[in-house]
4 protein chains.
Amino acid sequence: MMRRKIAGQVSLEDLARICPIISRRGHPEFEECRQLEVEVAGVRFGAGVPVVIAGPCAVESEQQTMDLARSVRAAGADMLRGGAYKPRTSPHDFQGLGLDGLKILRAASDETGLPLVTEVMDVRLVGLVAEYADMLQIGSRNMQNYPLLVEAGRSGKPVLLKRGMAASLCEWLGAAEYIANEGNLKIVLCERGIKTHAASEYSRYLLDLNVIQAAHEETFLPIIVDPSHATGVAAAVESAGRAAIEFGSDGLIIEVSNYGVEAGVPRPLCDADQAISPATLRRIVAFIRNREGTSEAAAAATIAGVSGPNR
Amino acid sequence: MMRRKIAGQVSLEDLARICPIISRRGHPEFEECRQLEVEVAGVRFGAGVPVVIAGPCAVESEQQTMDLARSVRAAGADMLRGGAYKPRTSPHDFQGLGLDGLKILRAASDETGLPLVTEVMDVRLVGLVAEYADMLQIGSRNMQNYPLLVEAGRSGKPVLLKRGMAASLCEWLGAAEYIANEGNLKIVLCERGIKTHAASEYSRYLLDLNVIQAAHEETFLPIIVDPSHATGVAAAVESAGRAAIEFGSDGLIIEVSNYGVEAGVPRPLCDADQAISPATLRRIVAFIRNREGTSEAAAAATIAGVSGPNR
Amino acid sequence: MMRRKIAGQVSLEDLARICPIISRRGHPEFEECRQLEVEVAGVRFGAGVPVVIAGPCAVESEQQTMDLARSVRAAGADMLRGGAYKPRTSPHDFQGLGLDGLKILRAASDETGLPLVTEVMDVRLVGLVAEYADMLQIGSRNMQNYPLLVEAGRSGKPVLLKRGMAASLCEWLGAAEYIANEGNLKIVLCERGIKTHAASEYSRYLLDLNVIQAAHEETFLPIIVDPSHATGVAAAVESAGRAAIEFGSDGLIIEVSNYGVEAGVPRPLCDADQAISPATLRRIVAFIRNREGTSEAAAAATIAGVSGPNR
Amino acid sequence: MMRRKIAGQVSLEDLARICPIISRRGHPEFEECRQLEVEVAGVRFGAGVPVVIAGPCAVESEQQTMDLARSVRAAGADMLRGGAYKPRTSPHDFQGLGLDGLKILRAASDETGLPLVTEVMDVRLVGLVAEYADMLQIGSRNMQNYPLLVEAGRSGKPVLLKRGMAASLCEWLGAAEYIANEGNLKIVLCERGIKTHAASEYSRYLLDLNVIQAAHEETFLPIIVDPSHATGVAAAVESAGRAAIEFGSDGLIIEVSNYGVEAGVPRPLCDADQAISPATLRRIVAFIRNREGTSEAAAAATIAGVSGPNR
């Protein structure tokens, strides 16, 4: 009897074919190097010190964004995040301020000196968003929106590529290859939790930390973690962020709000339950800074980044 | 102690808010009607008789497409499928023939009289694809590509909306609402298998037949099944198609090839292992036609479409 | 760089090592035979005609069980099911009537002539349950309770081995091998739905029909389907049962209740929402009987059981 | 139209009914206390300092076990682990040394002073294993083997209850309630990774760290993590262990081997690819010890254990 053959099955063994540009497989010369450094307006991903990106889920007003940008800078963040175009489950939900939001974010970035990453969902708006942002974010829902990946690649801008909520590592690196194939290697991967049978009972998604090391083994691109979406629970974000660093993550992207901290700040329109306070952000930054000085951290970072005979 | 709140959690209870246009919830008047009929160039989805769409995975040449279109018409299919723009895991894989493919498909549709459905991935090409196709397909990878959904809605064309490979029913109906929100109710849902821990050991995805009834309960839109992607195994497609019909599916969309059937036909470039022969397609069509005549089938169809006290 | 090795990973390729007794791999002589027939007190699994097992979830009283046994016999079922020992999520839930339940079931089986299958959870009770039952059921929660499997094997009784709710096919066949290794080949597999991210939104588990063919390819043991647990929704059981038959299932095991059908019958203590009425059971049996007479059914059964070049 | 009801669905809201003994719900008096301390021969779980359990996967010989017990004591572990009865996917795999293994483990425990935890799979052997072990382990495959849970409860011994590989938190706490219901509250939970669509591409299971906090919120029982099975990859164990500590885990249970470290040590028969060296274990212990002294760690531990308005 002949055994079944299954269409479309791929494994890590196929990466040399799927993504020859960004895969370490078939590139003995990449084996030597730790990983690529991706620079965004002076901030460097993959340079050994984790990068912290923080800001609101969505831009809701100039004041909210300006205040929060100052707060996250004061807390020690390296970059500013915030959504002007929001992918929402329902068309009747708040969709973001669009161009007005971009302008507010640019102003907040300029005032604080924090480089800006913001999401682009529409291939027709890549040029516009690239005018305002220092780094383009491709969201989880659009990880396999290939025309968008191609245009983001052509823009020449650094790209933050979130993992699809059910994407395999092969599919994710295949998506990154679409950007790289346009001559743009300024790509940072971002794990943000996946769908599983367990998620939804006590968390939004399931944070997959195992993928960090696997990504480091398979590609030279940096990889960061979004503990906000991965948990969906504000009280879990600090632990998730610290855990990601222990796994060798090259950075974190975190949603922050002053709601409940400063008088008069309204509850966020999106994902309020996963936003942490600036004070918690400050503790996460301190954890990273303190950890960098220790020799154990250095040893751990080495281990996290390299598998092999070393046990 | 306060319990955790989780950002972004939704359930079927939220459908009246997420998709007020297409949800039955909050619309007592929809409770009466079985479901909406969606007409595509004379072919009617949701009218009681399952619709069979068949054709190649991708257009590879004029002759391959013409021959296959004739074969699937001879086998009794109602509509023609085929990809001119192919979403592929790697940018180095065959990406489809593009506009040339659209022209070939149009000619094949015209000659056979089978209305054409084909995928559009790029929001900038919705107008172009709408010129050639009778129905626009939004693929699984783009289920939450909201600008694409909006443009497809505005095109006024019927839309076949595949389920994302990890989408909940809420997310899927939320995506359909983006199309409906543009005044276009000509939407047909398509289940095509989801990702699970079991899939990949012996199938490509896991065919989720339970969702058919749940979709029928929650919306008046028709829903069909793609047994080709749901299994990824040619030898499983017939069973999967029959099973879908038993679950009340309003139709099937199936990949077919003459490879190995007619001399000189090359192996398909995409998903060859899931393509069935025209002879197998003919058996599936015969199953549907024979079944329609029986009273048991009618009884089963009623049960499949309506839950409630009837057990 | 060395690639990671993962402990404990197995694939279908390993079946010749995992389960040399029941795997077709490495046994060219098994390739010829369709599959093993397993006989239970005159009822034959794997003989071409699907077997229907039906009865209450749990034995709650003599009258309930007797009445229901007569109802399912009248509806055309081949065997009787019912639980005397119930595995429940909480120790505070109804745990079954134990030995009293066994006696009631035996009497119901004797009166109706329907052979009895009932679950055994405790390795110390295998002998006792084997005195009363014609077939021992190993439930999903105990699929990897190896001492229980060994004792069930040693009992010499036919065993119905349900799939673990997250078991791979390799793990499932490995569990069956524990029974076979005691010299007992009277094993019938039973798919009953698996856990996925989709299940729980609109169904209890996700019915995995793809596994039927894969199991038929890999082992000569018969495989049946439990549409009651796989859906958890009474209105879905008939469709799920018919779909399983279309996929080549060697039988069905179904939960039935007279609640709401006959006056005075109390609501079942366990899983009431998935119990169908005897009238629905009768339709399922009729579907199977009618189908068996048709040549299409025979053709489909052949296809469902054998993969390979036939497309 | 009536909406579907699904049998057997439970959520965290049901915990007061499922597990009234161990759930915090409905017990305002438990809200005050951080959690229960479970003492095992002088080692205390839930007392603020994470407990480290280490040792071989399986006992293979007296010398292997003695040497390794000394190694893990020297590395700073608090308790010894090791399997005398091994649940294996195939009956043809090494099943453990049984009683001989228990005797070797007892001797190793006595010599090193490290309390012993070992798995019991067979309800008939609970008494025997309890004679030799300081703590009984219920493995993932037996999490819902209720007779085994009851006997473990009756033994009066502390119990380490691993999470089923697809168990929800409700199901897991329901299982713990079976032990508690026998008057035995000496229960420690153990997360060990779950099955998902992602696992198997680059790890054995998917480590679910989110569950630690949720468990802390819902019950007063301590919870530890098994980073060995959760990853299946030796090079990932240290990161996973550190990450678990950052999430507030009350301890770790880790598989260790001297294979490749000391001359002449044979490769482990089980799960060799996930065993770390004693040197790596020492680093993990040092991480825990160093961390305990810092005020940040204390702050983080507080946050990890308590959700609520604190963000």
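The values are calculated or read from the model by the stated rules, or taken from the named source; none is laboratory data. Quick caveat, the model's predicted, so the values are computed rather than measured. Please note: Cβ atoms are built from the backbone with ideal geometry, for glycine as well, and neighbour counts cover all protein chains shown. Heads up: the accessible areas ignore ligands, DNA and RNA and are worked out on the full protein's heavy atoms, side chains in. Shrake-Rupley method; radii C 1.70, N 1.55, O 1.52, S 1.80 Å.
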Notebook entry, point to check: How high is the FRET efficiency from C:Ala279 to D:Gln63, r the C-beta distance, R0 60 Å, rounded to 0.05?
Noted result: 0.30
Margin query: Return the chain D residue and its Cβ-to-axis distance, rounded to the nearest Å, for the rotation relating D to B.
Written below: D:His197, 3
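Normalized C-alpha radius of gyration of segment C:142-226, against 2.2 N^0.38 Å?
Against the empirical 2.2 N^0.38 Å value, I get 1.10 for segment C:142-226.
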Item checked: Per residue accessible area in Å² of segment C:108-250, where ligands, DNA and RNA are left out and the probe is 1.4 Å -> 16 Å²
Check: Over chain D, what relative contact order in percent results from Cα pairs under 8 Å that are six or more residues apart?
Finding: 19 percent
Check: Which one of D:Gln64, D:Met143, D:Gly76 is farthest out on the positive end of the charge dipole of chain D, using unit charges on Cβ (Lys, Arg +1; Asp, Glu -1) and the Cα centre as origin?
Finding: D:Met143
Margin query: If I take every Cα pair under 8 Å that is 6 or more residues apart in segment D:14-150, average their sequence separation and divide by the length, what percent do I get for the relative contact order?
Written below: 18 percent
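Compute, for chain D, the length of the dipole vector about the Cα centre, with Cβ point charges of +1 (Lys, Arg) and -1 (Asp, Glu) only. Units Debye, rounded to 20.
540 debye
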Item checked: segment C:15-168: C-alpha pair distances exceeding 21 Å, % -> 50 percent
Next item on the list: Every other copy gets compared here: list the nm distances from the C:Gln9 label point (7 Å along Cα to Cβ) to its counterparts, shortest first, one decimal.
Entry: 1.3, 3.4, 3.7
Note to self: Please compute, over every Cα-Cα pair in segment A:118-262, the percentage with a separation greater than 22 angstrom.
What the structure shows: 38 percent
Notebook entry, point to check: Can you pull the percent of segment B:180-250's accessible area that's carbon plus sulfur, 1.4 Å probe, other chains left in place?
Noted result: 41 percent
Check: In a Debye calculation with equal point scatterers on the alpha-carbon sites of segment A:196-298 and no solvent, what is log10 I(q)/I(0) at q = 0.15, 0.19, 0.22 Å⁻¹?
Finding: -0.68, -0.98, -1.17
Next item on the list: Using only alpha carbon positions, build the gyration tensor of segment B:93-157, then give the equivalent ellipsoid semi-axes as the square roots of 5 times its eigenvalues, largest first, whole angstrom.
Entry: 20, 14, 10
Checklist line | Shortest-first nm distances, B:Arg267 label point to equivalent points in other copies (7 Å, Cα→Cβ) | finding: 3.3, 5.8, 5.8
Note to self: Once the label point is set 7 Å along the Cα-to-beta-carbon vector, what list of distances in nm do you get between D:Arg70 and its counterparts in the other copies?
What the structure shows: 6.5, 7.6, 8.4
Next item on the list: Please state the charge dipole magnitude for the protein assembly as shown, taken about the Cα centre, from unit charges on C-beta atoms (+1 on K and R, -1 on D and E), reported in debye and rounded to the nearest 20.
Entry: 0 debye
Margin query: Quick check on segment C:111-245: of the DSSP beta bridges with both residues there, what percent are antiparallel, nearest 5%?
Written below: 5 percent
Next item on the list: Mind computing the radius of gyration and Dmax over the alpha-carbon atoms of segment A:162-204? Å is fine for both.
Entry: 13.1, 42
Next item on the list: For peptide C:167-177, compute the average count of partner chain beta-carbon atoms within 10 Å of each residue's beta-carbon.
Entry: 4
Item checked: Longest to shortest principal axis, alpha-carbon extents of the protein assembly as shown, angstrom -> 77, 72, 58
Next item on the list: Could you work out the Rg to Rh ratio of segment C:34-89, with Rh taken as the Kirkwood radius (inverse of the mean 1/r over all Cα pairs)?
Entry: 1.06
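Which three semi-axes in whole Å describe the equivalent ellipsoid of segment D:184-236, each the square root of 5 times a Cα gyration tensor eigenvalue, listed largest first?
On the way: eigenvalues 116, 27, 13 Å².
That gives 24, 12, 8 Å for the three semi-axes.
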Next item on the list: Compute the relative contact order of segment C:1-73 as a whole-number percentage, counting only Cα pairs closer than 8 Å that sit 6 or more residues apart in sequence.
Entry: 12 percent
Checklist line | Interchain or long-range residues, amide H under 5 Å from D:Val265's placed H | finding: D:Gly260
Next item on the list: Could you run the Debye sum over the Cα atoms of segment A:214-257, one equal point scatterer each and no solvent, and tell me log10 of I(q)/I(0) at q = 0.24, 0.25, 0.28 Å⁻¹, two decimals?
Entry: -0.79, -0.83, -0.96
Next item on the list: Return one number: the angle in degrees, 0 to 90 and rounded to the nearest 10, between the long axis of the Cα atoms of helix B:62-74 and the longest principal axis of the Cα atoms of chain B.
Entry: 60 degrees
Next item on the list: Using the 2.2 N^0.38 Å rule of thumb for compact globular proteins, work out how chain C stacks up: its C-alpha Rg over that value, please.
Entry: 0.97
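Using only atoms on other chains, find how many Cβ atoms lie within 10 Å of each Cβ of peptide B:8-18 and report the average.
Values: counts 11, 6, 4, 4, 4, 1, 2, 1, 0, 3, 6.
Mean inter-chain Cβ contacts per residue within 10 Å come to 4.
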Notebook entry, point to check: Once Rh for segment A:1-104 is found with the Kirkwood sum over Cα pairs, what is the Stokes-Einstein diffusion coefficient at 10 °C and 1.306 mPa s, in µm²/s?
Noted result: 88 µm²/s
Next item on the list: Pull up the cross-link candidates among the lysines for D:Lys157, meaning alpha carbon to alpha carbon under 24 Å and not fewer than 8 places away within one chain.
Entry: D:Lys86, D:Lys103, D:Lys186
Check: Ignoring ligands, DNA and RNA, how much accessible area is buried between chains A and B, both sides summed, with a 1.4 Å probe, to the nearest 100 Å²?
Finding: 4200 Å²
